[in-house]
Structure formats: C-alpha cells, structure tokens
Amino acid sequence: MRIFERLDQLYDIGGGPGANRPHPSAAEDDAHRIAATWLGEAGLEVAVDRHGNLYGRAASGEEVWTGSHLDSVPRGGRYDGALGVVAAIEAVERVGAGSVVVFRGEEVGCIGSRALVASGDFLPHAFLELHVEQGPVLADAEAPLGVVTGIVGYARGELVVDGRAGHAGTTPMAGREDALVAAAAEIQRVRDAALAIPGAVATIGHVEVEPGGANVIPSRVRMSLDVRAPDAERLDALVAGVGFVPSYRVEPARFTATAPDALRDAIAERGLPSVELPSGAGHDAGILASAGVDAAMLFVRSLNGGVSHSPDELSSDEDVLLGVDVLADALARATTP
Ligand SMILES: [Zn+2]
C-alpha cells in the first residue's frame, strides 16, 4: 500500500542502519523534496516558508493543519515523524480540506515550528499531529490509538556534591569525605523525589567525577539533571523536591481546546477504547499549543515495548491504517464549519 511504500522510501534515504535524516542535512532536504512531489500528486498547492517548513494546501479549509516532521535522530526509527507526514497527506487528500505541514528540525528542538511561531507569520486555527507513542502505555492498555492530553514540561540543571580528595591507599575508610559515595545517595534521593509525584520523571544521565583518578578519592561530582512533569504545579514541586536551580525550563503544554474532541469523537465512533495520556517527549504540536493554536495529538500504539529513536521502533500496519482513518475523520470534523 502507498503509505507503507512511502515509509520505506523515507527510511531508505540516509542509508542504514535505521533512519538517518538529521537536521540540517542533505537527507532531510531529500525527504522534503520527495514529500513535496507527493503533495503535488495529491493535488495540493505546494509551498515552503522562509524557515524551510513545507506545506501542501487543499483548495478549502486551510486554517486546519495536520503533519509532523521528516528529520530523524541518527539511527532512528521508521515511524517517528515520518508516519505523521504520510498520514497527513492521506488525510488531506481524502478529505479535500486542510493543509499538510512538514516542520524542520523537530528532533533538535522543534526548530521549524519555533521559528514559525517566533516570526509572527500566519498560524492555523487548529493543528492535528499523528505520531507514534514512543512508549508502552497504549500497548499495556491494549488500545491501538490514544488522545494526548498535553506535553510534559521539563527543567534541566546540575547537582554538585563536594567531598575531599585523598590517597586511595592511605586514607582509612572511617575518615573519608568521598564525593561519589555522597552522590550515590543523592541519585537515590532524586529518584524518590520523582516517585513521590504522579506522572513525574527525573533522570541523571551524565556524571563527572573529579579529579577522576583511579587511586584518588573523588573530591567533587557534577551530575546532569533532567526532570519532567505533566503540569506546571507538579514541575514546580519536582524542582523543589529535587532541590536545584534550573538552568533551562520549558513549560508544559496542554491540549485543552476543541481539536482533541474531534479525535475523541472519531475514536468513539469506531468503538475503540478511549485512552488519554500525556506525552513525555516534546513535539511540534506542543509548540503550536503554547502559541495559542487549538492543537491535538493522536498517538499510534508502539510495539517492542515502546522503543523509539531506534531501528527497533515498530507499529503494526493495522494500527497505522486505523490511525489514518481517525486522523482523516477528525480533520473532516475540524474543517467543517
Ligand atoms: Zn517525532
């Protein structure tokens, strides 16, 4: 079928293993070029804005957009971003209303959608993004599709633990101030702070030990912090619980207007289970929602334990086709005055 052939075609662009279309790259450009030909074949009016984002407009109802991104992480999966684009082309062609949008550089900080919002250029009334879940929630709930309630907010910073350096052989255990031993307790404490708040996560992904000698007691440990929560209140509580001053913070985005109802109605009409979940990853839909666009996201069930950003990323053909049907149905609802 066309949608699966197109996913294969995009997947092959950067050479294997996995998807290799980082932003910026010739591979991302190639993907946009191929998508532009698909938009033309669908009878849509093709345009590129000054930020490099690609559009395909149907004759009417262009105030509702649907789409995603075509860049990938190195050795990424077949579905992340690409599925939202090929599904959007199917939906807009089928419905004959709305616009397909392909944003640049989502994986490196939503470059294209942020630039669009910051530029003050035209924004749509509503935006629908279909995306793979990239997690196990829908598979565990035995639901093929889910409606996303919002994008978690996150804060980043650093934890520093000080101790006292000394000779690893001549300093007795009793009198030591080993910064890494203290850091181990801190890591456990950070985990407990996240466990105490529903929906919160906290990760220490990078640790630096000073002075870093095999025969020297560590004098200082610097640890990266990445903490996330579904709403501002919980993010505040998490930052306070972990006890750090964020160097960077992105506010949570909520999908609270009417576009999510179009997805809910389309799902309910098919008798599918109704599952709602927050997204732990950032998406272009979150950027648009924060700018006041009536945004909504439809997640398609991820298999293989929900693995993503990996060639092992997988969704079933059946779930993909169901997702396209629901997206098209929701687009028809959202574009009907
Ligand atoms: Zn993505």
Q.
From the helices alone, meaning DSSP H stretches of at least four residues, give me the mean residue ellipticity at 222 nm for the chain, per-run term -39500 (n - 2.57), in deg cm²/dmol to the nearest 500.
A. -11000 deg cm²/dmol
(Q) Starting from the 7 Å offset along Cα-to-Cβ, what nm value, one decimal, do you get for the label separation of ALA237 and THR203? (A) 2.3
Q) For the chain, which longest stretch is free of loop sites, where a loop site is one of the trypsin sites (Lys or Arg not before Pro) that DSSP puts outside H, G, I, E and B and that has at most 16 other Cβ atoms within 10 Å? A) 177-269
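Normalised by the residues of the stretch 13-122, what does the relative contact order come to in percent, with Cα pairs under 8 Å and at least six apart?
Over the stretch 13-122, the number comes to 30 percent.
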Q. Which Rg and Dmax, in Å, describe the Cα atoms of the stretch 198-337?
A. 20.4, 72
Q. How far is helix 2-11 tilted, in degrees, relative to the longest principal axis of the Cα atoms in the chain, given as a value from 0 to 90 rounded to the nearest 10?
A. 40
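Please state, rounded to one decimal and in Å, the Kirkwood hydrodynamic radius that the chain gives when every pair of distinct Cα atoms enters the mean of 1/r.
21.3
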Q. Roughly how many Å is it from the Cα centre of the stretch 241-283 to that of the stretch 1-79, as a whole number?
A. 24
Q: Classify the stretch 185-240 as rounded, prolate or oblate from the Cα gyration tensor: take a ≥ b ≥ c as the square roots of its eigenvalues, call it rounded if a/c is under 1.5, otherwise prolate when a/b beats b/c and oblate if not.
A: prolate
Q | Rel. contact order, % - alpha carbon contacts under 8 angstrom, at least six apart, the chain | A | 23
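Suppose we keep just the DSSP beta bridges with both residues in the chain; what percent of those would be antiparallel, to 5?
Working: 35 of 54 bridges.
Here the antiparallel bridges make up roughly 65 percent for the chain.
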**Q.** Modelled FRET efficiency - R0 51 Å, LEU180 with PHE4, Cβ distances, 0.05 increments
**A.** 0.55
Q. Stretched out fully, how many nm does the piece from VAL245 to ALA168 gain, at 0.36 nm a residue minus the Cα gap?
A. 24.4 nm
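No lab work stands behind these numbers, since they all come straight from the coordinates. Treat the numbers as computed from the prediction; the structure is a model and nothing was measured. Every residue, glycine as well, gets a Cβ built from its backbone with ideal geometry; the counts of neighbours run over all protein chains shown.
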